[in-house]
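Inspection log for the structure reproduced underneath, given as structure tokens.
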């Protein structure tokens, strides 16, 4: 078998992952590789059992073309979603379909015990036989909060302050682990299966306990120097706003429009300023606003206006074609979408208006797991050792089975 | 000669352009292609005269390695800089070194005559012999203002409103033309020869008649869906600021911190509110501020504070490692740099502070031409027909010379 370039394999596998079913001709178009390279690489992948023929297409002139797909059993990923109110574990096949789930609720703000983490991974992997376990390729972790360069995480919901997550996970599992912010993993999920399918210039915005975003430019995720890009919640949206942010400053978007801050403002306006605030209570503020409660409407007005303004600033900077809104906003499309659209129409420069769409996130509870698995897949492609494993794991198992 | 993949050539030529002198081993590292592919592509490029041996390196163990460089005569580019106060034309060699320049002053706001454009291109090309003219590959144009999708430009300094620039240029020259905003071309120039050398996460900010920026993420220029990204001047930096912007809104950064608006505020504060404002007068406001003129200091304070705030917002969104300041700010490093640094220190999240640097643009008058040529080079690599021309023009000429 002639040598096949890693770069070809990487691009071809990415196209197969994205399209699920495709043909050689489509791969040539999408990767811009030449026909010979694609054919050679596909032969290699078929031989190793990573790609399979899923059918044949016959064209009008009678030529047969193979329809190709990834072998869903060519490898597995562990996906972890450290989201607001529960921690979820999933096992996905090679294509990112979630096969098994295991979850545990989080007591907000109480220190989340890493031993539960070990239990979750164990419970997830227990679904695989010994032979399949060898084909677990990597783990993807979706986190909210802040991770520093040493892998220490600060996340209010989990009660973690500089918690050495990466170090702990290294001691728990012998797998390559890839981390992505909640916004990034959700963007990957939306782009792959949801509202952002086929979009190369898109932004995912999460509004929950915090506010964050992740963006793509020409299909490349915008991560920044330290992988810390997307801190939409901490742009100063109004220098004269009195709202104090968790970060210590005033005027941050998050201090006005995050779920706990919406609740806080509602309590303040209704004389309950001393009540303890929880992000989940935002659902009730939404309900009150729908009933016409003046205080609730006023708070939603303000949050929606500043959110729209922040997204307009973002759009003027990045010129995306799509903004997907997620987090608690999915429970209040009726309240926020019109307010946000109004600010965008008013503030995004005319030349970018025509191509800008805003949609609500459409993926349900699995979005974090799907995104974490997608992150793990794409990250694995970029690691030469893992790419090699992807292209050999299945063949090796077949061989060992035959020799038994 | 075996077939060489276009994708290899593209990446190898980009590395050679960036490093000027390099070795096969360095190209392998930088492109992540395998050794055989690089050797094959280099043989191809040497054969076609696009790459030359510039020397030999001998290692400690006695192995000889060729030092390689691009043949500076393998092709030429026309570069055009439609900057504020004059229009400049340049002819560059294959490496982007400006060989000939021709310029014409602009009467601010008076409609710039496209016939002068034709004259400039002609004057530039007149420096080449007939044979060399065949090797002119493309034209790069650096513009300020706004270009729509049909190539119509609105630029106050040139007196153009929806002026069909692309169409006019198509009728004037039979060359592929690539357009980039002033910020983008300057970013390319700084990254290639100036303050941003070697940086993959950098931003260039221009403050002049308008305010704009261009960014790179992992070495990819952030252009957005319509190539319109980077409208830093039109982010709403203070919703309650009364300053009215050219775009019709209030609160835009540009309405507070662009050169004409700095002048306007100074005039207003000193009872000269009805005087006509020109961007160039900002130099005098800078001088007054240095002399301690209270009104000038106050205006600079305000502009610097908002600029810093806008750059902090940008940094929190994009997590760059470097911000390069250009335009009229290069005349006021002493006034603006401390104010901007203070706002960045106060407002950029701690996790991104350590890796963030701010520098002044260091390239002089040629920056626009150098950037336009760099844009043309990189854009040409992406066009299959031009890549083919790059790889054949010089060889064809050599052959035709030999057969004479």
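Just to be sure, is residue A:358 farther than 24 Å from residue A:82 by Cα and modelled with pLDDT of 90 or more? Spelling it out, residue A:358 is indeed farther than 24 Å from residue A:82 by Cα and modelled with pLDDT of 90 or more.
Residue count for region A:229-247 under the criterion of being at the interface with chain B (Cβ under 10 Å from one of its Cβ atoms) and either out of contact with any strand residue (DSSP E or B) (no Cβ under 8 Å at 6 or more places or on another chain) or not in a loop (DSSP other than H, G, I, E, B) (or both): the result is 8.
Here is a yes/no grid of residues against (1) more than 30 Å from residue A:10 (Cα to Cα); (2) touching a helix residue (DSSP H, G or I) at 6+ places or on another chain (Cβ under 8 Å); (3) crowded, with 16+ Cβ neighbours inside 10 Å:
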site: B:33; (1), (2), (3): no, yes, yes
site: B:74; (1), (2), (3): yes, yes, yes
site: B:81; (1), (2), (3): yes, yes, yes
site: B:85; (1), (2), (3): yes, yes, no
site: B:98; (1), (2), (3): yes, yes, yes
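Residues that are under 13 Å from residue A:376 (Cα atoms) and in contact (Cβ under 8 Å) with a residue 40 or more places away in the chain: does region A:103-115 have at least one? No, that holds for no residue. Residues of region B:156-193 that are surrounded by fewer than 23 Cβ atoms within 10 Å (Cβ to Cβ), outside any helix (DSSP H, G or I) and either within 14 Å of chain A (Cβ to nearest Cβ) or out of contact with any strand residue (DSSP E or B) (no Cβ under 9 Å at 6 or more places or on another chain) (or both): B:156, B:159, B:161, B:162, B:174. If you go through region A:200-228 and keep only what is touching a residue at least 60 places away in the same chain (Cβ under 8 Å), assigned to a strand (DSSP E or B) and at the interface with chain B (Cβ under 7 Å from one of its Cβ atoms), you end up with just A:217.
Does at least one position in region A:352-368 carry a residue that is touching a residue at least 24 places away in the same chain (Cβ under 8 Å), within 12 Å of another protein chain (Cβ to nearest Cβ), part of a helix (DSSP H, G or I) and surrounded by 21 or more Cβ atoms within 10 Å (Cβ to Cβ)? The answer is yes; a qualifying residue exists. Scanning region A:313-339 for residues that are more than 15 Å from residue B:236 (Cα to Cα) and in a helix (DSSP H, G or I) yields A:328, A:329, A:330, A:331, A:333, A:334, A:335, A:336, A:337, A:338, A:339.
When we screen A:115, A:135 for residues that are surrounded by fewer than 18 Cβ atoms within 10 Å (Cβ to Cβ) and either modelled with pLDDT under 95 or more than 14 Å from every other protein chain (Cβ to nearest Cβ) (or both), the only hit is A:115. Say we look at region B:252-271 and pick out the residues that are assigned to a loop (DSSP other than H, G, I, E, B) and under 27 Å from residue B:333 (Cβ atoms); which of these is farthest from the other protein chains (Cβ to nearest Cβ)? This residue is B:270.
The values are calculated or read from the model by the stated rules, or taken from the named source; none is laboratory data. The structure displayed is predicted, hence computed values, not measured ones. Cβ coordinates were reconstructed from backbone atoms using ideal geometry, including for glycine residues, and neighbour counts include every protein chain displayed.
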